[in-house]
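Worksheet for the structure shown next.
The values are calculated or read from the model by the stated rules, or taken from the named source; none is laboratory data. Since the model is a prediction, treat every value here as computed from it, not as a measurement. No Cβ is skipped: glycine too gets one built from the backbone with ideal geometry, and neighbour counts run over all protein chains shown. Heads up: the accessible areas ignore ligands, DNA and RNA and are worked out on the full protein's heavy atoms, side chains in. Shrake-Rupley method; radii C 1.70, N 1.55, O 1.52, S 1.80 Å.
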Amino acid sequence: MKQKLIVGNWKMNGSLATNQALVQGVLAGLPGLNVHAAICAPAAYFASLQILLQGQTGLVCGAQDVSMHETGAYTGEISASMLLEFGVRYVIVGHSERRLYHGELDAQVAIKAQRALSAGITPIVCVGETLAERQAGCTEEVVKRQLAAVIHTNGHCISEIVVAYEPVWAIGTGLTATPEQAQQVHHVLRQQLKAASPRADRIALLYGGSMNAVNALDLLRQPDIDGGLIGGAALKVPDFLAIMATASQCAIA
Ligand code: PEP
């Protein structure tokens, strides 16, 4: 089984002091774990994280968003090439909080993924249905539509992306998709990617939504779940390490 990818999404949390303690704690627990990990931090901390993570290969820095534009008069935005200068290796695009609070549309998410890929940064494309959409039986339709936009814009290099299935109703709520629900959607996404690219098997499909030390094992051992995108539990060293240890165990199994 291939190595799992565990990505922490710090959202708008942290400080110079708490980040240092968090990163050092995670780094101390990494040796011996067969897992690849990243932390997606607020942009204000990239410079300090670049120093803290210097020379590390098992834990790398990610961003939470990137501009659709390359350069110019876009106040407040950060371009992919700027991220690259700070050693950023992954960028989350289309997180449900960006879609909800900033009105990001599928086509914009697709262009953000394209900007990241052009800069050599791996986009982590988030897709997921709201509770109302799940209850209306539209889950597959929604996630396929969201992913289709990214495939349409990035077809030639689609095997270079990471996809995160994050049911909106499970993010930060303590509710988790059952392993069977998550696997079912991951399978649908995998088939969609396979239809788009002969190299789709190498695309990591992450599950996100209240993953924690207790539920990680059942989720991560599903055949189409290649890792996790972790919010709340990524802010606590023991919890994040416990998920990484579980991921490591699943990689060896
Ligand atoms: C997220 O924000 O991507 C996320 C999965 O958050 P949480 O783990 O807190 O549900």
task = Compare V188, V60, V35 in a GNM of the chain, Cα atoms joined below 10 Å, and give the one with the largest fluctuation.
result = V188
query = Among T246, P223, A233, which residue has its Cα positioned farthest towards the positive end of the charge dipole of region 191-248, with +1 placed on the Cβ of Lys and Arg, -1 on the Cβ of Asp and Glu, and the dipole taken about the Cα centre?
reply = P223
task = Quote the relative contact order of the chain in percent (integer), defining contacts as alpha-carbon pairs under 8 Å separated by 6+ residues.
result = 23 percent
remark   = In Å, the Kirkwood estimate of hydrodynamic radius for region 80-199 over Cα pairs equals 14.7 Å
key: Expected 222 nm ellipticity per residue - DSSP helices of 4 or more, -39500 (n - 2.57), all of the chain, to 500   = -12500 deg cm²/dmol
note = Each label sits 7 Å from Cα toward the beta-carbon; between Q20 and E70 the label points are separated, in nm, by 3.9 nm
query = Accessible area per residue, 1.4 Å probe, Å², for the chain: what's the number?
reply = 44 Å²
message = Pairwise over distinct Cα atoms, reciprocal of the mean inverse distance: report the Kirkwood radius of region 54-132 in Å, one decimal place.
response = 13.1 Å
inquiry  = Quick test of the membrane-span-like rule: which DSSP H helices of the chain reach at least 15 Å along their long axis (C-alpha atoms) with mean Kyte hydropathy at least 1.0?
reply    = 237-252
request  = Any chance you could list the semi-axes, whole Å, largest first, of the equivalent ellipsoid that the Cα gyration tensor gives for region 4-251, using √(5λ)?
outcome  = 25, 23, 17
task = Quick one: of K4/K236; K144/K194; K11/K194, which pairs are farther than 22 Å apart, Cα to Cα?
result = K11/K194
note = Contact order relative to length for region 1-107, counting C-alpha pairs under 8 Å separated by 6 or more residues, stands in percent at 24 percent
inquiry  = Give me the one-decimal nm value for the distance between modelled label points at A195 and A28, 7 Å along each residue's Cα-to-Cβ direction.
reply    = 5.0 nm
request  = Give me the percent of the accessible area of region 38-116 that comes from carbon and sulfur atoms, probe 1.4 Å, all protein chains in place.
outcome  = 54 percent
